[in-house]
1. Hey, can you rank A:205-217, B:267-279 by average C-beta count inside 10 Å, highest first?
2. Within 10 Å of each Cβ in A:180-189, how many Cβ atoms from other chains are there, averaged over the peptide?
3. I need the peptides B:291-303, B:11-23 ranked by packing, meaning the mean over residues of other C-beta atoms within 10 angstrom, with the highest value on top.
4. Over the protein assembly as shown, what is the percentage of antiparallel beta bridges among all DSSP beta bridges, to the nearest 5?
5. Mind checking which aspartates and glutamates have their Cα closer than 19 Å to the Cα of B:Lys440? Skip sequence neighbours fewer than 8 apart in that chain.
6. May I ask for the angle, rounded to the nearest 10°, between helix B:415-433 and the longest principal axis of chain B, with both axes built from Cα atoms and the value confined to 0 to 90°?
7. With each label point set 7 Å from Cα along the Cα-Cβ vector, what nm distance links B:Asn362 and B:Gln465?
8. Using the structure shown, select from B:Lys35/B:Lys245; B:Lys416/B:Lys472; B:Lys35/B:Lys111; B:Lys9/B:Lys29; B:Lys9/B:Lys57 the pairs with a Cα to Cα distance greater than 24 angstrom.
Amino acid sequence: MSEAREQILATIRRGLQRGPLAGERREQLEARLAQPPRNLIPARAALPPAEQVELFVTLALAAAATVERVADLAAVPAAVVAFLSREGLPTDLVLAPDPDLTALPWDGQPTLHIERRAAVDGDKTCVASAFAGIAETGTLMLLSGPHSPTTLNFLPDTHIVVLRANRIVGAYEDAWSRLRERGQGMPRTVNWITGPSRSADIEQTIQLGAHGPLRLHIVLADP
Amino acid sequence: MHPTSQTFKANASAALHDAALQRALKNLKSGFPGKRAAAIAKLPEFDALRDAGRDLKNHVLEHLDFYLERFEAQVTAQGGQVHWARDAAEANRIVLDICRAVEARTVTKGKSMVSEEIGLNDFLAANGIEPIETDLGEYIIQLRHEHPSHIIAPAIHLNRDQVADAFHAHHGQYGFTERNENPRALMSEARQVLRQRFLNADVGITGANFCVAETGTTVIVTNEGNGDLTQILPRVHIVLASIEKIAPTLEDVSTFLRLLSRSATGQEITVYTTFSSGPRRPEDVDGPEQFHVVLLDNGRSGMLGGEFQDMLRCIRCSACLNHCPVYGAIGGHAYGWVYPGPMGSVLTPQLIGVDIAGALPNASTFCGRCEDVCPMRIPLPAMMRHWREREFERHLSPAGFRFGLRAWAFFAQRPKLYQSVTRIAARVLRWLGGRNGRIKSLPLAHGWTAWRDLPTPQGQTFQQQWAARQEKRS
């Protein structure tokens, strides 16, 4: 172990006037890490499920995302085509290599040119799938993995995210619970995304479209 | 960064006479405080969350050694590496060694105040590695060879015409030959220029708003997405974090996140909150191959157990800067080092010495707004007073100030004498002020009378009025 490490830890312990933690105190901390307690959660995060979906939509819109609700997952490809046409965007699409996404009826949309991969420079539009939506701030939660490359969330100009309504939870803590239930540990990257990228670094005036996507479009599919 | 805090008074005076700076500072006053107030009005639990945040961070500091060791173990278990740095020189050396091992030529950087604290950019450049700041504000000031003047809005001291000049001078090589003052166009220009730099960088360096001990995760909050492109495109991701950034669990970091952006920009949450754990997994199709965390001490461990321990609760939201009348009048550069405003006035003497930065804790009106708005309830004014006491004890304060304080103490300890002297002084001032009750100049009070007349005392002294009231009540 490095000398710097030992010296920093020793100075900390000298300041706290004790040696390395042991015994009961250590066990209490271990128990807290093993079963993390929830701290104060705002009331707005504890709404009934239907109202959570409404709150999610309201706050995502307030963060300058656009949201479209569709009846079911099968309706996603048509909704994507309609969005691209409305916005005057090209029909080249990078699709996250996620079996749930690729299984959708994209064949019914012959105008689309689809590639299934991570993002590269020059990609205009991508479609990814959210692990969860968090109502308390209108936030999407995406996990990195072979099915959901992180570059898709940042390189393309337009980021389209498919979210199933039953994946919307109230509080940040609820999203962590879902991640723990998944039982695969932490992925390399967890992205919480609330609206498209922006900056106020020039004269404190907010401008949308900084380094990340210029647009964030959420396709919210029931159930 | 070479400190100029010794010349704080001259710096402040220059700042007050800098018309461009004064114009830019108006954007601060009209922006952050109102947005913060609006965000908090929408969250009735905000004050209770501040209590929770304060208690959590106190818990972390009481067990900092335990949580740092756990954080290290969890980073390592996921294939990352933790490096411990006692000071700036060690931290710079560690970063350079990692860069050299992969023969890095360019390094992209997300915004990091720890990087400013250790002077990493100059160090890398001196060693043949080009650092590229990618946060829009940081990029602008890098082009201008400046340092940040604010901890979350580094270019807040600039106006759009100055940004336009900087881009016009540097972006011709990328085909942008027209000078443009439109903020939207300026941002788009930076986006296009920096995109290639993101893609070509060998190493990406970010800071960390939090380090989660439970999972070995580092967390950054950003709005631009530059911190993400910085960490997912290059082969190596280096995180610079100071040792007090620990949050025990994901639940705990959630509490801090509810406080941070509301206090900072008045957003419910920033656009991007990114949790990074280790390098890319074997099955991943993108992400960095190496993940390093540099844990910097630089004097912080010595604050534990002492009168400045509470300062280690700071989550760098900048609310104290945004609400400070002194910061609002002179901006950040006058403070002369990395951390300006009230939090800087407490932290800087600890990190670079009270002999160099002693003027900073004196740059306060003690109005108390910094403590009122601090999400972690840090008693900033009380700690500035601690520094003033230390400065006095170490005979660092100026002779005239010490003489004045001693003279006041002499009278204050002799109430009878104090009362008669103030009575006489009030009469003399009234006489000097003449019929219109104003004094235009007064020996030893030039600092006041150079700018405005001194109104003469009216009526009786406070002591006399108090005595009269007590008599009336009985």
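Since every read-out is calculated from the coordinates, none of them should be taken as a lab result. Given the structure is predicted, the values throughout are model-derived calculations rather than measurements. Note that each Cβ is placed from the backbone with ideal geometry, even for glycine, and that neighbours are counted across all protein chains shown.
1. With the highest mean Cβ count within 10 Å placed first, the list reads B:267-279, A:205-217.
2. 6
3. Peptide ranking by packing, descending: B:291-303, B:11-23.
4. Of those bridges, close to 35 percent are antiparallel.
5. Straight-distance partners of B:Lys440: B:Asp453.
6. The answer is roughly 90 degrees.
7. 3.0
8. Pairs exceeding the cut-off: B:Lys35/B:Lys245; B:Lys9/B:Lys57.
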